[in-house]
1. Whole Å is fine, so just give me how far the alpha carbon centre of segment 63-137 lies from that of segment 209-258.
2. Just how many % of Cα pairs in the chain lie over 40 Å apart, if you round to the nearest whole percent?
3. Run the numbers for Arg342 and Ser316: contour at 0.36 nm per residue of separation, minus the present Cα-Cα distance, in nm.
4. Can you tell me the orientation of helix 97-108 relative to the chain, as the angle in degrees between its alpha-carbon axis and the longest Cα principal axis, to the nearest 10?
5. Between Asp49 and Ser209, what is the label-to-label distance in nm when each label sits 7 Å out along the Cα-to-Cβ direction?
6. Ordering Ile222, Ile46 from largest to smallest accessible area (1.4 angstrom probe), what's the sequence?
7. Kirkwood-based Rg over Rh for segment 35-104 (C-alpha set), two decimals?
8. Taking the 0 to 90 degree range and rounding to the nearest ten, how far is the long axis of helix 327-338 tilted relative to the main principal axis of the chain, both from C-alpha atoms?
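The values are calculated or read from the model by the stated rules, or taken from the named source; none is laboratory data. None of the values given here were measured: they were computed from a predicted structure. No Cβ is skipped: glycine too gets one built from the backbone with ideal geometry, and neighbour counts run over all protein chains shown. Just so you know, the surface numbers come from the protein's heavy atoms only, side chains and all, with ligands and any DNA or RNA stripped out. Shrake-Rupley method; radii C 1.70, N 1.55, O 1.52, S 1.80 Å.
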Amino acid sequence: MKFTIVLGTRPEIIKLSPIIRVLEKTNIDWNIIHTNQHYSENMDKIFFDELNLPKPKYNLGIGSGTHGEQTGKMLIKVERVLLKEKPNVVIVQGDTNTVLSGALAASKLKIKIAHVEAGLRSFDRNMPEEINRVLTDHISDYLFAPTDIAKNNLLREGIKENKIFVVGNTIVDATLQNLKIAEKNENVKKFFNTLKNNGDYFLLTLHRSENVDNKKRLKNIIEGILYLTKIYDEHIIFPIHPRTKKRLEEFNLLNKLKNNEKINIIEPVGYLEFLMLEKNAKLILTDSGGIQEEACILKTPCITLRDNTERPETLSVGANILVGDDKEKLINAVNIMLNKNRNWENPFGDGKSGEKIVKILIDKNK
Ligand code: UD1
Ligand code: UDP
């Protein structure tokens, strides 16, 4: 029995880490193919180091590019490795171009596909991630849905129930495992000492293509954020995704943020630092998928700068509000969320998803 994990971006490394940790304790033959969709040290290597993960057996060096170019190059190179390694199962997680190419390469070679975090739907086909999710789910053999909502999305699309396993989301495992480490970590303490803030702060992240590649939308969001600094005392800590930095520069918006003394733009940080930033924030403002989940798990109120979410569980438990790029909705949501009782339930499982997934894959491939 052999498993191959195909990963390529920051959230995949984080959300697959609990599965990797379980696999390391078994005697199964397994390996990692890294497409290097993310390659900057603080989007990639830092996570392998901090999470103490083994080096990938293969680094494909794909890097950035247009969707077709990036996905196509990955397909060619992943196929070559799969032909050599001949695994029984390819494991992918999430909705990136890496996920689609890994799944497609496996499917053409008739290798079984395990999709971790299957069944998420924003019902917005303008998002590249929505296309990647739908296509990957429909060619997968083992669909690891985090919740019943995700399972029902798959059933509605005609996917057979015996392929679907509701196991929670591995982000709970990753959050709980690493929070304990982060709380005691000296480097994290040092990092907090370097941060410019006056006690309480809001945490901001932004990187969705529909937000940052659209000048008008990005401008609206930035204006909303700048307005918040006028009415609240809190600083805003903004670990900036490389895509967003590039666009803000291109659209002449970066200096507006940099010139505001309450906005603290920092480079992307490691997972331990980021978990503590999330835990201690008064509010999280984000368009990230994983961060909506982590905020919910860590009981920090979240405001999502999108019109929809594939994580509706966070809305129904009261941990998250959608505001799109609308300034009025943003201000209203901040008022609501600052007064929120943080006693909601975590809908994403018990932190044992990694173990459950590996057990099912072993049982099914005996
Ligand atoms: C990708 C995923 C997105 C996921 C996000 C996680 C797709 C279609 N998108 O978006 O779903 O939420 O990762 O962060 O797969 N760049 C660097 N260094 C890096 C990586 C990227 O500088 O290590 C810059 C490059 O200018 C690049 C841009 O960021 O062109 C975008 O990178 P890309 O991997 O295409 O998409 P993400 O926005 O990171
Ligand atoms: N994250 C991090 N450092 C940062 C920003 C985010 O470690 O500076 C982590 C965060 O904790 C979460 C993941 O990256 O687990 C989310 O990645 P991202 O927002 O890039 O992608 P998405 O989840 O939207 O696909």
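1. One Cα centre to the other: 31 Å.
2. Roughly 10 percent, once rounded to a whole number.
3. 8.0 nm
4. Taking the Cα atoms of the chain, the angle to 97-108 is about 10 degrees.
5. That separation, rounded to one decimal, is 3.0 nm.
6. Ile46, Ile222
7. Result for segment 35-104 is an Rg/Rh of 0.96.
8. Taking the Cα atoms of the chain, the angle to 327-338 is about 80 degrees.
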